[in-house]
Every structure is written in structure tokens, then in C-alpha cells.
1. In what order do SER5, SER39, SER54 fall by count of nearby beta-carbon atoms within 10 Å, going from fewest to most?
2. Using the number of other C-beta atoms within 10 angstrom as an exposure proxy, rank LEU41, LEU35, LEU162 with the fewest first.
3. In this model, which of LYS8/LYS127; LYS8/LYS95; LYS95/LYS161 are farther than 31 Å apart at the alpha-carbon?
4. Of the peptides 122-135, 143-156, 60-73, how do they stack up when ordered by the mean number of other Cβ atoms within 10 Å, highest first?
5. Which aspartates and glutamates, if any, have their Cα less than 20 Å from the Cα of LYS71, not counting same-chain residues under 8 positions apart?
6. What's the exposure ranking of ARG115, ARG23, going from fewest to most Cβ atoms within 10 Å?
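Just so it is clear, none of the values below were taken in a lab; they were calculated from the coordinates. Just so it is clear, the structure is predicted and the values come from calculations on it, not from any experiment. A quick note on method: Cβ atoms are made from the backbone with ideal geometry, for glycine too, and the neighbour counts reach across all protein chains shown.
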Amino acid sequence: MSNFSFLKTEDGVLEIFTHNPDRFTPLGESMENILKGPSELSVMERELIFAFVSACNACTFCVGAHETTAKAFGLEPGVLDQLLNSEWPESINKKLQPCLELSKKVTKDSSRIVRQDVLAVIDAGWKEETAHDVISITAMATCLNFLLNSHGVSGSPKYFKLYAEMFGSDGSTYSAKSHPMVNRLMKYAVLWHRVSKVGSKIKRLLTP
């Protein structure tokens with residue numbers, strides 16, 4: 001059961017952001033930059049890290065939304081479960097391992113991060129900036145995890161599928177098209193939701 005009168009349990013980040021767009025539009029833009037901006041990490045890898053951190057923080061919505069999005073960008077089923085069980089999936093490049101280890105350590109206790117953690121990422125063949133990207137993804141995921149968990153929303157498989165469709169599935173980048181959100185929820189433009197193809201699906205999902 002959600003913790004607020006303006007939300008249902010099956011709601012998610014859209015409803016929270018559109019409840020106060022002045023507050024959350026900048027957060028949405030930062031999230032878009034972190035997950036779709038320039039990076040050595042592919043969109044799939046960034047979405048996987050986001051889902052992995054969300055699982056560590058027990059955020060049902062963010063796990064569902066970002067694992068589904070990662071699958072839209074090529075992640076094979078079962079990979080996240082294997083990682084959470086300390087098994088390394090054959091379909092994931094071992095080069096990503098220090099990135100996930102860094103994200104896990106940041107999630108558990110960011111005050112314990114030392115230069116050696118960054119060097120482990122570099123030694124695996126990444127640029128130093130990629131360690132910065134991993135920490136940024138982890139911080140953003142944790143912020144959203146706390147936000148969604150505290151509001152008492154967990155989404156639904158239908159919602160997760162819609163969320164993944166909103167960000168495209170071409171394997172390289174999010175779509176950057178614009179579309180009108182549901183009128184009853186929007187008074188201002190929520191800039192980070194920019195997909196025209198699924199406007200009708202959003203309306204069906206959000207209309208009681």
C-alpha cells in the first residue's frame with residue numbers, strides 16, 4: 001500500500017515526478033544525462049548497474065524498471081539474479097566486474113571508497129572517468145531507491161514494460177522525442193520524458 005493519498009501501490013516514478021514537476025524535473029534531467037550521456041559504459045551496462053544497486057537497496061520499482069530496460073538493450077534473462085547470487089554470467093564481459101564491485105561498495109558504505117577502488121576499474125581497461133560514471137549511477141540509483149521506497153510504490157510488470165519502451169530499444173541510446181504526458185497529471189513539461197510513440201499507453205496505464 002502506498003504511503004501517500006495521491007499514489008497507488010502500482011504507481012511509480014512518473015506519478016511522483018509529475019506530482020511536483022518543479023522539484024523533480026532537474027533530477028530527471030540529471031538521471032537522463034547519467035544514463036544516456038557520453039560514457040564508455042553502454043546503456044545496457046548502465047541500466048544493469050542501476051538495477052544491481054536497486055536490488056541491493058531492495059527497491060522493487062527500480063529493479064523492475066531498470067532490469068526490464070536493460071533487457072530491451074540486450075541483457076539476457078537471469079543475469080541480475082546471477083550477479084546477486086555472486087555468480088558471474090557468461091554473457092557479461094568480465095571487464096565489468098570491478099565496476100559492479102565499486103557500485104556495491106559505494107552502496108554499502110561510500111565512506112570506505114579509496115583510490116584503489118578507482119584503480120581497479122582502470123586496471124580492468126576502463127578510463128578513470130568510467131569509475132566516476134559508476135559512482136554517479138550508484139548515487140542516482142540510491143536517491144531514486146529511497147524516493148520510491150519511502151513513497152510506498154512498487155510498479156507492475158505492465159509499468160516496467162512501458163518504462164522500457166519509453167527509453168527505446170535500439171541498443172545504444174534513449175529516444176529524445178517529445179510527447180504530451182497525461183493532462184490530468186501535468187501542469188508543466190517534465191523534460192526527461194520525451195517519447196511520442198507511447199503516449200496512449202501511458203494514458204491507459206495512469207488513468208484509473
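1. SER5, SER39, SER54
2. So the residues, fewest neighbours to most, are LEU41, LEU162, LEU35.
3. Working: LYS8/LYS127 43 Å; LYS8/LYS95 40 Å; LYS95/LYS161 29 Å.
Too far apart for the 31 Å limit: LYS8/LYS127; LYS8/LYS95.
4. Averaged packing, sorted descending, gives the order 60-73, 143-156, 122-135.
5. GLU32, GLU40, GLU45, GLU47, ASP81, GLU87, GLU90, GLU165, ASP170
6. Working: ARG115 7, ARG23 10.
With the fewest neighbours first, ARG115, ARG23 line up as ARG115, ARG23.
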